[in-house]
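Reviewing the structure listed below.
Readers should treat all values here as calculations from the given coordinates under stated rules, not as data from a laboratory. Quick caveat: nothing in here was measured; it's all calculated off a predicted structure. Every residue, glycine as well, gets a Cβ built from its backbone with ideal geometry; the counts of neighbours run over all protein chains shown.
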Amino acid sequence: MKLLTKTSIYIVYFTILAFVASGFIFYYSIRSIVYKQIDASLVTEKNIIQEQIEHTDTIPDFNAAFGHLIEVKVYDRTFKQKQIIKDTIINTDNDEDDLPYRKLYFLSTTEHKKGYSISISQPLSEKKELLENTSILLLILFIFLILIFVIVNYWISRKLWIPFYKSLEIIDKFEINSDSSPIFYKSDIKEFNKLNQVLESMSEKIRSDYINLKEFNENASHEVQTPLSIIRSKLELFLQYENLNSDQTILLESINDAVSRLSKLNQGLLLISKIDNQQFESSEVICIDQIIQNFLCEYEEIIQLKKISVVTDFQSAIHLRMNPVLAGILVSNLISNSVRHNIENGYIKISTLKNTLTISNIGNSLNINPNQLFNRFTKRGSNPESVGLGLSIVKKIVNYYGQSINYEYSNSIHTIIIDF
Amino acid sequence: MKVLIVEDEKPLVESISNYLKQEGYLCEIALNFNQAESKISDNTYDCIILDIGLPDGNGLELIKVLKSNKSKDGILILTAKDSISDKINGLEIGADDYLTKPFHLSELNARIKSIYRRRNLAGNIEIHFNEIKINTEAKQVYVNDSVLNLTRKEYELLLFFISNKNRVLTKLSIVEHLWGDNVVMADSLEFVYTHIKNLRKKIIESSDNDYIKTVYGLGYKFTDQ
C-alpha cells in the first residue's frame, strides 16, 4: 500500500472517530440545554399557577394563558410538597400519534389546608425537530470537513514526500559496479537532507567496499597462479622418478588431482572477475551456430563415446557482436554441461529460432534448487572434474551482453534458453 | 638445442630447465628483463621461453628487440591466465606460440619441439622413433614405411607421446593437450583411456611393439625400455 493511501486511511479513521465522539457530546450538550430551558419554563409556569392558587384560591384558565396542557386538581386532603419533571408520551385527542412531552407534576397544600396537584406538559416535538436538523447540518459539515482534510493532507503529503521518492528512485537505479556514486538532490527539509546524506555515504561505502573486494579477489586469483605453476611443475618432475612405489604414486596422483582442480577453480574465478571488470571489450560479429558447429566437431569423439546423439536445428543464423573468446566459452560451457549431465544413449538438442538459442538434454532430475542453478559452486554430485563454475560463467557472459537466460525442466528434459 | 628461459620465478625456472635438460637441451636462464636483454643480444637460441610479466619490464618489449635485430630465435611466450590481450599482442608482434600458466612441462616440451621443427626445418621434418616415422607436414604416420591410419586425436596423441618419450604423462596433461585447457568435458579422463587403447592397438597390430606403458595411478609413458 502506498504511503499516501495509508496516511489518508488513518486520517479518515481518526477524524471519523473524533467527529463521532464530538458529535455525541455536541448533541447531548444541546439537548441538555434545551431540556434546561423547557424545565425552567415549566417551573416558571408552575410558580405562576402556584402563586395564583395560594393567593387567590382560584384556578385560572391556563390553556389560554400558556397553550400547554395544564391540569390542576384540588383535593380535600393535604400533601407534602413534591415536584417531579419527566419525559412522557401523551396521546392528544385530535392527533393519532403519541407525542413526546416534558411533564412537570407538582403536589402541594394551600394555607387553607387544601391539597392540590399541578401537571404541566410541554410538547417536545418542535425542540426535537430543531435538534435533529441541527445534527444533520452538523453531520454534513463534518463529512465536508473530513473530505477537505483528506484531500489537503494528501496534497501536502505528496508535495512533502517528493524528495523521498526522488531519493528512492536514485537508490533503485544504483548499481554497485558503476563508476560513480549516486548524487542525491538537495531538499529544504532537514530530515530528507539527512537521509540523502546517509544514503550517499552508505552507497559510496558499499561501492568502495565492493571495488576493494573485487580487487582483492582478482589479485588473489592472479597471485595464486604462480605458486600453482610451481607446484605443478615440481610435481611433474617428481612423477618422472623411476623408482616410485605404489603408495607414493597414489599420493602423487591425489596431489595432482587436487592441483588440477585448484587450477580450474582459479581459472574460472579469474574469468568471472575479468568479465566483471569488463575486460572483454573488443568484439566482432560472430555467428553462434557456426561456433556451435565447430565445437561439436571438435568434441565429436567424446560425444560419440558417451553414446549421446546430437540433433541440431538451426532455423536462423544468429549473428551477434560479441567477444569471440566469451562466445566460445559460452558455447563450450553450455554444451559441456549438457554432455556432463546426460545419460547413456541420451541426446542433446540444439536449436536456434530468430534470436533464441535453445539447448536441451535428457538427464536425471536436478537434486538442487533450480533457482541456484546459475549460482557459483552449485554442483550436482561430487564430480571432481567439475568445480561448479560453468553455468555461473554462462550467466555472467549472458548478463554482460544484456541477454537473458532461463532454465526449464519437464519429463527428464533439461532446457536452457538464451534470448540474444 | 639451445633454449633461453626468461622467467622471474626461480623455482619455476628450475623446474623448466630441469625437465628440458633431461631432453638434452642446453638451457640458459635469465631471471629479469636486463639479464634477458643482454643474453639475447649476445647469443642466438633455438627457442626463447619468455614470461611476459617480468618485474622490471614487459616481455613484449624483448620480442620487439628480437624482431628489430632480425633474430631467427623461436619465441614461446608464457602468460598469466587472465591476460588474453598479452597473448594476442605477443603473437601479433612475432611470438611463435604461447602457453598460459599453470602449464604442464610436457606440454611446454611438445610446444618447443614443434616451434623448433617449424623454424629450423620449415616444418618438413620426419620424427623417428624406432620403426615409427611421423611426417609432421603431411600429418602422416608410418610404421616400417607403411602408413598407419590414425584419427586426428590419435595422431596428436602419438606426437605428444613421442615428443615426451620416456616421460610419465598424466591423464590430465593429455586431456589438456588434446582438447585445450579451457574445457574439460565430462569424463574426459575416460576418453583419454579409450583413445590410448585404440592407439596402442593400432601400433601393436602394425609393429608388434607395445610402447605405451601404463604407470599405475598416474598416467602413461611412451617408451621402448
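Which entries of A:K306/B:K153; A:K103/A:K127; B:K87/B:K139; A:K46/A:K86 have Cα-Cα distances beyond 19 Å here?
B:K87/B:K139
How big is the dipole moment of the stretch A:317-420 about its Cα centre under a simple scheme where the beta carbon of each Lys and Arg is +1, that of each Asp and Glu is -1, and everything else is neutral? Debye, nearest 20, please.
Dipole about the Cα centre, nearest 20: 220 debye.
Contact order normalised by length for the stretch B:2-120, with contacts defined as Cα pairs under 8 Å and 6 or more residues apart; what percent is it?
Answer for the stretch B:2-120 is 23 percent.
In sequence order, what are the phi-derived ³J(HN,Hα) couplings for the stretch A:132-146 according to the Karplus relation 6.51 cos²θ - 1.76 cosθ + 1.60 with θ = phi - 60°, rounded to whole Hz, with x for glycine and proline?
4, 4, 4, 4, 4, 4, 4, 4, 4, 4, 4, 4, 4, 4, 4
Based on other C-beta atoms within 10 Å, arrange A:M202, B:M1, A:M1 from fewest to most.
Going from sparsest to densest Cβ surroundings: A:M1, A:M202, B:M1.
Please determine, in degrees from 0 to 90 and to the nearest 10, the orientation of helix A:288-298 with respect to the longest principal axis defined by the Cα atoms of chain A, where the helix direction is its Cα long axis.
Tilt of helix A:288-298: around 40 degrees.
If a/c stays under 1.5 just call it rounded; otherwise compare a/b with b/c (prolate if a/b is bigger, oblate if not). Do that for the stretch A:223-358, with a ≥ b ≥ c from the square roots of the Cα gyration tensor eigenvalues.
oblate
With labels modelled as points extended 7 Å from the Cα through the Cβ direction, what inter-label distance (nm, one decimal) is found for A:S117 paired with A:N294?
Those two pseudo-labels are separated by 12.1 nm.
Can you sort A:V311, A:V34 from fewest to most other Cβ atoms within 10 Å of each residue's own Cβ?
Exposure proxy ranking, most exposed first: A:V311, A:V34.
Determine ³J(HN,Hα), in whole Hz, for all residues of the stretch A:335-340 in sequence, where each value follows from phi through the Karplus function 6.51 cos²θ - 1.76 cosθ + 1.60 and θ = phi - 60°; x replaces Gly and Pro.
6, 4, 4, 6, 6, 4
Once every DSSP H run of n ≥ 4 in chain B is given -39500 (n - 2.57) and the sum is divided by its residues, what mean residue ellipticity at 222 nm do you get, rounded to the nearest 500 deg cm²/dmol?
-14000 deg cm²/dmol
Which of A:R232, A:R31, A:R207 moves the most in a Gaussian network model of chain A with Cα springs under 10 Å?
A:R31
Each residue of the stretch A:259-269 in order: what ³J(HN,Hα) in whole Hz does its phi give by Karplus 6.51 cos²θ - 1.76 cosθ + 1.60, θ = phi - 60°, with x for Gly and Pro?
Taking θ as phi minus 60°, the curve returns 5, 5, 5, 4, 4, 4, 4, 4, 4, x, 5 Hz for the stretch A:259-269.
Could you tell me whether the stretch A:3-146 comes out rounded, prolate or oblate from its Cα gyration tensor? Rule is a ≥ b ≥ c as square roots of the eigenvalues, rounded for a/c under 1.5, then prolate if a/b exceeds b/c, otherwise oblate.
Prolate, since a/c reaches 1.5 and a/b exceeds b/c.
Given H placed on each backbone N at 1.01 Å, which residues far from B:Y98 in sequence or on other chains put an amide H within less than 5 Å of it?
Long-range HN contacts for B:Y98: B:I77.
Each label point is 7 Å from the Cα along the Cα-to-Cβ direction; what then is the distance between the points at A:K128 and A:T7, in nm?
Label-label distance for A:K128 and A:T7, simple model: 4.6 nm.
For the stretch A:95-193, with the dipole built from +1 on Lys and Arg beta-carbon atoms and -1 on Asp and Glu ones, taken about the Cα centre, which of A:L138, A:S121, A:I171 lies farthest toward the positive end?
A:S121
Which of rounded, prolate, oblate describes chain A, given a ≥ b ≥ c as roots of the alpha-carbon gyration tensor eigenvalues and a/c under 1.5 marking rounded, otherwise prolate only if a/b is larger than b/c?
prolate
Angle, helix A:190-239 long axis vs. longest principal axis of chain A, Cα atoms, 0 to 90°, nearest 10?
Roughly 20 degrees, rounded to the nearest 10.
Work from the charge dipole of the stretch B:27-113 (Cβ charges, +1 for Lys and Arg, -1 for Asp and Glu, about the Cα centre) and give the residue of B:I88, B:A30, B:I63 farthest towards its positive end.
Value computed over the given set: B:I88.
Under a 10 Å cutoff between Cα atoms, tell me which one of B:R200, B:R119, B:R152 has the largest fluctuation in the Gaussian network model of chain B.
Of B:R200, B:R119, B:R152, the most mobile in the Gaussian network model is B:R152.
So how much slack lies between B:K21 and B:K70, counting 0.36 nm per residue of separation and subtracting their Cα-Cα distance, in nm?
So the chain would gain 14.9 nm between B:K21 and B:K70.
For helix B:188-207, what angle does its Cα long axis make with the longest principal axis of chain B, in degrees from 0 to 90 and rounded to 10?
That helix lies at roughly 60 degrees to the long axis.
Mean-square fluctuation check for chain B, GNM, Cα pairs under 10 Å: which of B:L157, B:L60, B:L178 is largest?
Among B:L157, B:L60, B:L178, the largest mean-square fluctuation in the Gaussian network model of chain B belongs to B:L178.
Sort A:I16, A:I136 so the one with the fewest other Cβ atoms within 10 Å of its own Cβ comes first.
The order, fewest Cβ neighbours first, is A:I136, A:I16.
Given charges of +1 on the Cβ of Lys and Arg and -1 on the Cβ of Asp and Glu, with all other atoms neutral, how large is the dipole of the stretch B:106-225 about its Cα centre, in debye to the nearest 20?
The calculated dipole for the stretch B:106-225 is roughly 280 debye.
Could you size up the charge dipole of chain B around its Cα centre, putting +1 on the beta carbon of Lys and Arg and -1 on that of Asp and Glu, and report it in debye to the nearest 20?
Computed charge dipole of chain B: roughly 480 debye.
Towards the positive end of the charge dipole of the protein assembly as shown, with charges on Cβ (+1 Lys, Arg; -1 Asp, Glu), say which of A:I292, B:L189, B:N135 has the farthest Cα.
Most positive-ward Cα: B:L189.
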